[in-house]
Every structure is written in structure tokens, then in C-alpha cells.
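The values are calculated or read from the model by the stated rules, or taken from the named source; none is laboratory data. Remember, it's a predicted structure, so these values are computed and weren't measured experimentally. Cβ coordinates were reconstructed from backbone atoms using ideal geometry, including for glycine residues, and neighbour counts include every protein chain displayed.
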Amino acid sequence: MPKTGAATNRPEGTSLPTGTRANDPSVCWNCEKTLADEDVCPSCVKVQPFGQERDYYSILGLPGRLALDPTLLVSAYHEKSRTFHPDHHVEDSEKVQSITLSNASLVNLAFRTLRDPFQRAQYFIGHIKGEPARPNRKATLPPHVLMEIMELKEELEVLSSGKSSEKAEQRIRAIIEPLEQEIFNSFSTIDSLLEHEGPSSQNLSQALGLLSERLEKRSYLQNLFREVKEIS
């Protein structure tokens, strides 16, 4: 799989919209000291809940970008996992155990979503638009693209009619691989638009629309590829 680019420190004005804690985002639930949205209160050293609206990037402490360094992602995941792993809090109160269990679940969900470049792209698009986290959200493909896929399906059925589906697999791979490369190549462009023009940029909106279309097309093609594999 092609590299998706290296992450950098999050530039001012380019972060994704972030959520707040479930209650008061500036006060520790235990000692009521003022916080700066830390995971652990510096005063009483109690873990703090993420809250339902906190985005996956901020949960892992990563820049809100499409192009992420996989090594940085894994390192951030391990760090957060150590902080919130339930095994490290077995002697704490039920309140703390409940918080760590909930936070650990969100850490795992964030990691699973962001480590897959295609799920990350789906999440990123929805988050920029202020939508809930829906890694499986769908786009509406233009009629000509749907027609192209229908014609390809008919072609694959003919190619798969023999004893082997090898030719059909090669045909669909020849379409999927350059499409995936186009998706990866768009990551740095979109990150740059977000950084320099902001989330309300028309250019960014158009780029996200095209990315969404490509992701949906890939999803259709992947389904066709699975159908071909099942025949073989």
C-alpha cells in the first residue's frame, strides 16, 4: 500500500473541529480544578472522560490531517492505551474504572478508523462537514460513473464465465489500483487546502467532494472484486 504521507505538528487554524467533555470541559470531575482538556488531571492525577464529541484525532493526540505517519499513529495509540488500559486501574474507584473503560474503547475505535487510509478519509470528510463520525457513510455517484460500473460488471461476468476468474481479477485490479493512488495523492493537496484556505474554502469543498466520489467508487469496485473471488 502506498505511503500516505508524514504528519507534522498541527498548524494554527488547520485542526479539525474538536468536541468537549461530557460535562464541564475546563473542570476536573474529582477535584474541580481548572483543566486545559488534559487526559489526566495534573492536580489529583485522575483520568478524565473524553466526552462523546471528542474527535478521533484529538483522542490520539494527532494532527487533524489526511496524511498521517503510520509510525506516529501506532506510537500515539500505544501511549494512550497505557494511560487508559483497565488493567492499570483495577484498584481505583468504580468511577475511574468506568472512565478508563469508556476511554479505552474510544482509543481503540479511533485507532482502527485512522489506521485505514480509506476509513480515515471517510471520517475526515464527515468531520470537516460537521457530521457525526460515520466511517461507512456513502456518497452519491454521478450517473456516468454508475453506468461505467454496470458495464464493468457485465464485462467481469463474461471474463469469469470460464474455469478461472484470473482475467477478471486482473481487469478489476487494473482499475482499483490507480484509483487508490489517486485517493492517496489527494491527501496532501486537501491537507494543504485546509491549512491555507480553511474549512469553509470552496476549493476544499470541491476536493472533498471528489475524494468522496472516489471512495464510493472504490467501495463498489471492491464489492465487484469480492464477487469475482467468490466465483473462483
Report task. Can you give me the number of residues within the range 87-103 that are in contact with a helix residue (DSSP H, G or I) (Cβ under 7 Å, 6 or more places away or on another chain) and at pLDDT 90 or above? Result -> 5
**Report entry** Filter result for Tyr57 (in contact with a Pro (Cβ under 9 Å, 6 or more places away or on another chain), in a helix (DSSP H, G or I) and touching a residue at least 24 places away in the same chain (Cβ under 8 Å))
**Finding:** yes
Query raised in the report: Being of a type in the set (Gly, Ala, Ser) and within 30 Å of Ser160 (Cα to Cα), is that true of even one residue in the range 192-210?
Result: no
Report task. Determine if the range 150-164 includes at least one residue that is within 19 Å of the chain's Cα centre (by Cα) and part of a helix (DSSP H, G or I). Result -> no
Query raised in the report: Right, Ser186: without any contact (Cβ under 8 Å) to a residue 12 or more places away in the chain and not hydrophobic (A, V, I, L, M, F, W, C) or not?
Result: no
Query raised in the report: Can you tell me which residue in the range 147-194 is nearest to Pro63 (Cα to Cα), limited to those that are modelled with pLDDT of 95 or more and among the charged types (D, E, K, R)?
Result: Asp191
Query raised in the report: Within the group Phe111, Phe84, Phe124, which residue is surrounded by 17 or more Cβ atoms within 10 Å (Cβ to Cβ), modelled with pLDDT of 80 or more and under 15 Å from Glu216 (Cβ atoms)?
Result: Phe124
Query raised in the report: Would it be correct to say that Leu211 is touching a Phe, Trp or Tyr at 6+ places or on another chain (Cβ under 7 Å), buried (at least 17 other Cβ atoms within 10 Å of the Cβ) and modelled with pLDDT of 90 or more?
Result: no
Report task. Select, from Lys138, Lys229, the only residue that is modelled with pLDDT under 95, over 27 Å from Leu60 (Cα atoms) and not hydroxyl-bearing (Ser, Thr, Tyr). Result -> Lys229
Query raised in the report: What are the pairs, 6+ residues apart or on separate chains, where a residue within the range 92-112 that is closer than 21 Å to Val45 by Cα and assigned by TED's automatic domain parsing to the domain that holds Leu73 has its Cβ under 8 Å from a residue that is small (Gly, Ala, Ser) and part of a helix (DSSP H, G or I)?
Result: Ala104/Ser81; Val107/Ser81
